[in-house]
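Have a look at the structure below, then the notes.
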Amino acid sequence: MTSRLIVCCILGTATSVLAAEANVSNFKPASGADGIVATEGARPWESESVKPLDLKLLVDYGRNPVTRPGGALVEYRAGMWLSAEIHLIEPLTVAVQVPFTLQERGILAMQPTANQGFSTGGGIGDVRITPRVGILRQEHAWLDLALQASFELPTSSENLLTTWDQPTAEGLLALGHRFYIGQSDAALLVLGNVFGFTAPDRTIDGKQIGAGYGGRFGTALETGRTDLVPARVFGEIEAKTMPRSTFDDGYTPAEWRGGASWCFGPGVSFDVAAGTGINNAPGAPDWRVVSGLAYGSNSCGFAQEKRLLRERRAEEAALAERNAAEEAARLAALRAAQEKAAAEKANAERLALQARDSDGDGVPDVEDNCPNAAGPAANHGCPAAEKQQVAITGSTLQILDRVHFATGKAKIEKRSFGLLDQVAAVLNGHPEMAKVEVQGHTDNRGTVNTNMVLSQARADSVTRYLIDKGVAAERLRARGYGPDRPIGDNATAAGRETNRRVEFKVLAPDSSD
């Protein structure tokens with residue numbers, strides 16, 4: 001009789017403590033296949049590289065997940081999660097997670113066991129539905145960013161402490177960045193989650209619980225291996241709090257886990273992880289082990305990201321190179337067409353100019369010293385009274401007399417002024433001669449340096465004279481050649497005299513120094 005009273009008292013206490021439905025299971029696996037164990041990934045999916053469905057089976061075992069001073073309310077819980085992530089319209093996915101309690105031991109059942117404990121069987125938990133939208137990819141914005149909302153339906157058995165007995169919701173922001181290591185397939189993945197959730201007000205062991213918020217942080221070293229070496233070694237930490245309960249109340253469950261993943265082919269992965277609670281808050285176990293098996297496009301996708309990125313960058317580089325080559329070819333063809341059109345235009349203008357005879361004297365303007373005053377061809381198209389000492393012959397402005405200078409100097413003698421006046425008049429009357437080189441030449445007497453200086457000085461003197469007569473300075477270029485270009489025999493006086501000369505060379509318009 002006494003033993004029955006003790007059992008009744010214990011059961012009565014348990015019932016009073018745990019009568020209200022509440023979810024004190026701190027562990028919820030990541031809904032997406034791109035995360036770690038519980039830390040959600042943030043990478044938007046792309047339709048060309050991801051198939052429509054990812055599947056995952058995960059089993060966890062937590063020791064003493066719910067404790068109180070003097071003992072555990074729940075000694076252990078073995079659970080299982082079935083997850084399916086469906087890829088809808090890029091970048092939207094929807095994940096459906098069905099949790100099961102396989103076995104739970106504590107003071108929740110109504111019948112004692114042989115060792116005076118109480119146990120219960122299992123059952124389905126609250127079904128979790130999670131739509132998620134990817135917002136940013138690190139290729140374009142340095143980081144991955146995703147938003148998701150989770151909705152839990154009250155499908156759990158009421159005595160399992162895994163249900164609020166009414167619908168609840170959670171909003172989560174996920175951030176991530178993958179730091180690639182050199183040219184290998186290895187990378188360091190960093191993920192962070194911030195979330196807030198709704199829940200009804202409940203009391204567990206005198207603690208006020210309900211809605212709250214929390215966060216997760218995870219990092220993984222990804223080797224990209226697909227053999228016995230782990231493809232990924234990871235660690236994560238998570239914590240949440242419920243503001244209705246103060247920190248002193250102890251209801252801020254937190255725990256950490258570390259583990260590894262192996263990849264078998266492109267679409268199958270196996271995970272194993274273990275960790276402990278960081279505090280004794282309900283939901284944080286003494287220790288927990290987790291194992292999972294996943295299949296789908298994103299399973300071990302981290303092992304392919306570096307290769308895919310490298311291939312994409314190679315394709316982009318090849319495309320950029322091809323586009324650059326096509327653009328260069330287009331510009332070259334455009335330049336060739338423009339040059340051809342310009343040449344044709346110049347040729348047409350030249351032919352038109354060659355055929356033009358403005359004064360009708362039978363001498364075409366291109367050879368007419370006086371294109372606006374009729375004159376005989378013998379006088380180069382100028383009136384007979386104006387005896388011409390200049391002739392236009394192709395690319396040369398030929399003078400029929402010499403430019404005379406003071407002996408050994410650059411001073412022009414007065415008897416050459418008339419000749420240079422005619423040169424200026426011809427240049428002013430023929431603007432098509434856009435550039436003319438005034439060349440100074442000497443014989444070979446004296447030193448080469450002296451002759452070079454003298455020839456340049458004489459070319460400068462003639463250039464200044466023509467500028468004074470109205471010829472634009474930019475049309476003229478003075479250059480002394482000294483004795484380098486003789487046209488007569490320097491061994492004779494007549495030849496040396498011939499070599500002491502000034503010539504006018506018509507240059508192309510774009511000719512430079």
(request) Using label points projected 7 Å from each Cα along Cα→Cβ, tell me how many nm separate Asp484 and Thr393, to one decimal. (result) 2.4 nm
(request) Could you work out how far apart the two model spin labels at Gln183 and Asn449 are, taking each label as a point 7 Å from the Cα in the direction of the beta carbon, and quote it in nm? (result) 5.8 nm
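Could you pull out the trypsin sites (Lys or Arg not before Pro) across region 312-361 that fall in loop regions by DSSP (anything but H, G, I, E, B) with no more than 14 other Cβ atoms inside 10 Å?
Numbers: sites: Arg312, Arg313, Arg322, Arg330, Arg335, Lys340, Lys345, Arg350, Arg356; in loops: Arg356.
Passing both the DSSP loop test and the Cβ count: Arg356.
Among the chymotrypsin sites (Phe, Trp or Tyr not before Pro) in region 134-226, which ones are in a DSSP loop with at most 13 other Cβ atoms within 10 Å of the Cβ? Mind listing them?
Details: sites: Trp142, Phe151, Trp164, Phe179, Tyr180, Phe195, Phe197, Tyr213, Phe217; in loops: Trp142, Trp164.
The qualifying sites are Trp142.
Order these peptides, 53-64, 78-89, by their mean beta-carbon neighbour count within 10 angstrom, highest first.
Numbers: 53-64: 19.5, 78-89: 17.5.
Result, highest mean first: 53-64, 78-89.
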(message) How high is the relative contact order of region 127-245? Use alpha-carbon pairs under 8 Å, at least six apart in sequence, and give a whole percent.
(response) 17 percent
(message) On a straight-distance basis, which lysines could pair with Lys345 in a cross-link, Cα separation under 21 angstrom, same-chain partners fewer than 8 positions away excluded?
(response) Lys435
(message) Explain nothing, just the number: dipole magnitude of region 182-290 about its Cα centre with +1 on each Lys and Arg Cβ and -1 on each Asp and Glu Cβ, in debye rounded to the nearest 20.
(response) 140 debye
(request) Mind checking which lysines have their Cα closer than 18 Å to the Cα of Lys414? Skip sequence neighbours fewer than 8 apart in that chain. (result) Lys387, Lys469
(request) Run down the lysines and flag those whose C-alpha is under 20 Å from the C-alpha of Lys28, throwing out any fewer than 8 positions away in its chain. (result) Lys56, Lys240
(message) Sort 358-368, 401-411 by the packing proxy (mean of other Cβ within 10 Å over each peptide's residues), most packed first.
(response) 358-368, 401-411
(message) If the only charges are +1 at each Lys and Arg Cβ and -1 at each Asp and Glu Cβ, what is the size of the charge dipole of region 400-483 around the Cα centre, to the nearest 20 debye?
(response) 220 debye
(request) Please list the non-local residues whose amide H lies under 5 Å from the amide H of Arg232, H modeled 1.01 Å from N, same-chain partners needing a gap of 5 or more. (result) Thr223, Ser261
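Every read-out reported here was derived from the displayed coordinates using simple, explicitly stated rules and does not represent laboratory data. Just so it is clear, the model here is predicted, and its values are computed rather than measured. Positions of Cβ are backbone-derived with ideal geometry, glycine not excepted, and every protein chain shown enters the neighbour counts.
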